[in-house]
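**Student:** The structure's right below; bear with me while I get my questions together.
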Amino acid sequence: MQKTSDREVVVTRSFDAPARLVFQAWSQPELFKKWWVPRSLGMTLRSCELDVRTGGAYRLVFGEDAANTMAFFGRYLEVVPNQRIVWTNEESGEPGSVTTVTFEERDGKTLVVMSELYPSKQALDEAGTGAQEATKETFEQLDDLLAELAAG
C-alpha cells in the first residue's frame with residue numbers, strides 16, 4: 001500500500017490464481033459477498049447488487065442489523081473482463097473517489113493493482129486510513145476464496 005500523490009493511494013497484491021478467477025470474485029455478487037467485508041469488523045454485507053459492465057451500477061449495504069446500515073454505491077465507468085474495472089464512489093453526495101482495479105496474469109498468478117483517486121488532498125485526508133487498512137484483511141479473505149475456487 002502506498003500513497004502515490006496527495007490525492008491517490010495504490011495497493012498492489014499478487015494472487016495465486018488466474019485473472020479470470022480473480023475477476024469473477026470482483027464481479028459476481030455471490031463471490032464478492034464472501035470476501036469484501038473484513039470479518040474482524042463483525043459487519044454483514046446485507047445487500048450486494050453488482051451490474052459489472054461499463055455503464056452499470058453497484059450498491060452495497062452493510063450493517064449489523066437492518067436498523068443500522070450504511071450504503072455504498074456508484075457507477076462502473078469502464079469494465080474490461082479479466083483486465084480492468086473502474087468505478088465511482090458516490091455515497092458522500094459530493095464528487096467521490098474513483099477506484100481502478102487492474103488484473104494482470106503472469107504464469108498463472110494475477111497481479112492486482114487497486115488505485116483510489118480522490119478529488120482533492122482534503123478528501124483523501126478525510127477518508128483516513130481505515131479503508132486501506134481493511135483492504136489487507138479483505139485481500140487475505142480473497143486469497144482463501146480463490147484457493148477454494150481453484151480447487152473446486
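**Student:** Within region 115-133, identify whether any single residue is in contact with a Phe, Trp or Tyr (Cβ under 9 Å, 6 or more places away or on another chain) and within 20 Å of residue 35 (Cα to Cα), and answer yes or no.
**Tutor:** no
**Student:** Which residues, counting only those in region 1-40, are part of a helix (DSSP H, G or I) and either at pLDDT below 95 or out of contact with any Phe, Trp or Tyr (no Cβ under 7 Å at 6 or more places or on another chain) (or both)?
**Tutor:** Taking region 1-40 first, the residues part of a helix (DSSP H, G or I) are 19-27, 29-32, 39-40.
If the condition is that a residue be part of a helix (DSSP H, G or I) and either at pLDDT below 95 or out of contact with any Phe, Trp or Tyr (no Cβ under 7 Å at 6 or more places or on another chain) (or both), then 20, 21, 24, 27, 29, 30, 31, 39, 40 are the ones that fit.
**Student:** Taking region 36-86 on its own, how many of its residues are crowded, with 18+ Cβ neighbours inside 10 Å and farther than 18 Å from residue 145 by Cβ?
**Tutor:** Counting residues in region 36-86 that are crowded, with 18+ Cβ neighbours inside 10 Å and farther than 18 Å from residue 145 by Cβ gives 6.
The values are calculated or read from the model by the stated rules, or taken from the named source; none is laboratory data. This is a predicted model, so every value here is computed, not measured. All Cβ positions, even for glycine, are placed from backbone atoms using ideal geometry, and neighbour counts span all protein chains on display.
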